[in-house]
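The values are calculated or read from the model by the stated rules, or taken from the named source; none is laboratory data. Just so it is clear, the structure is predicted and the values come from calculations on it, not from any experiment. Cβ coordinates were reconstructed from backbone atoms using ideal geometry, including for glycine residues, and neighbour counts include every protein chain displayed.
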Amino acid sequence: MYRKVGMLVKFRCLCDGQCCKKYWIPVTHLDLLRLKIYGGIEVDESIVELKDREIYNLDIYPPIVIGDKEYFLALVSKDDGSCVFLRDDGKCSVHEYKPLVCRFYPFVYYVKDDGEIGIDVNEKAVGECPGLVMDGEPIDRDIVENLKKITYARREELKLWSETINEWNNSYGSKVSDLGTFLKFSLDKAEKHMKELVKKGIWIK
């Protein structure tokens, strides 16, 4: 998926929405909270859906038990496969507070042997992302530093998401078959977790 080497690249997002049409978007409770508090968006089944674990696979997201099945939480995909927040002009309508997973593309992070965070190019994006140019120059320092900041928040948020899902699965999962109930549970947790992240200075709008 990525190369742990200093790839030489120039990047400028052209906001043409190609990545928003190709990939489905997994989200955490904190991603949804951002949409709610910064975008005034109602978090319900009009923007969020469940992806069946038997069909979809994610190795860093724990599956959610709802009823007798396991799922991943994702933004709704429209009939053409594009993200629910992709506008007709190819722009993202929630760009300023979009899910953290979206903010990495076309890059990825990895952890070096010494524990430091490294940033590299997502190999799947090479030749696919129109704003990515392999021009022999190092990745822009501002991009690297911004993505490192997001990485620290992202790693912490994924831990909190795992805690939230584990609590749900153990207490409610097999008893509840309603997505709306899970969303309320997870947003209540998200508000508490946001306060924790703000105190640590790693909350990202």
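Within the option set 148, 200, 189, being surrounded by 13 or more Cβ atoms within 10 Å (Cβ to Cβ), farther than 30 Å from residue 45 by Cβ and of a type in the set (Lys, Arg) holds for one residue only, 148. For segment 59-76, a residue qualifies if it is farther than 19 Å from residue 33 by Cα, in contact (Cβ under 8 Å) with a residue 24 or more places away in the chain and part of a strand (DSSP E or B), and the qualifying residues are 65, 66.
Can you find a residue that is touching a helix residue (DSSP H, G or I) at 6+ places or on another chain (Cβ under 7 Å) and either more than 22 Å from residue 103 (Cβ to Cβ) or modelled with pLDDT under 95 (or both) anywhere in segment 191-199? Checked segment 191-199: no residue is touching a helix residue (DSSP H, G or I) at 6+ places or on another chain (Cβ under 7 Å) and either more than 22 Å from residue 103 (Cβ to Cβ) or modelled with pLDDT under 95 (or both).
For segment 103-138, the tally of residues that are assigned to a helix (DSSP H, G or I) and farther than 26 Å from residue 93 by Cα stands at 1. If the condition is being at pLDDT below 85, aliphatic (A, V, I, L, M) and surrounded by fewer than 16 Cβ atoms within 10 Å (Cβ to Cβ), then segment 6-51 contributes 8, 14. The residue of segment 171-183 that is nearest to residue 48 (Cα to Cα), among those that are free of Cβ contacts under 8 Å to residues at least 60 places away in the same chain and surrounded by 12 or more Cβ atoms within 10 Å (Cβ to Cβ), is 181. Any residue at all in segment 64-75 that's exposed (fewer than 11 other Cβ atoms within 10 Å of the Cβ) and under 22 Å from residue 180 (Cβ atoms)? Within segment 64-75 (the criterion being exposed (fewer than 11 other Cβ atoms within 10 Å of the Cβ) and under 22 Å from residue 180 (Cβ atoms)), the answer is yes, since at least one residue qualifies.
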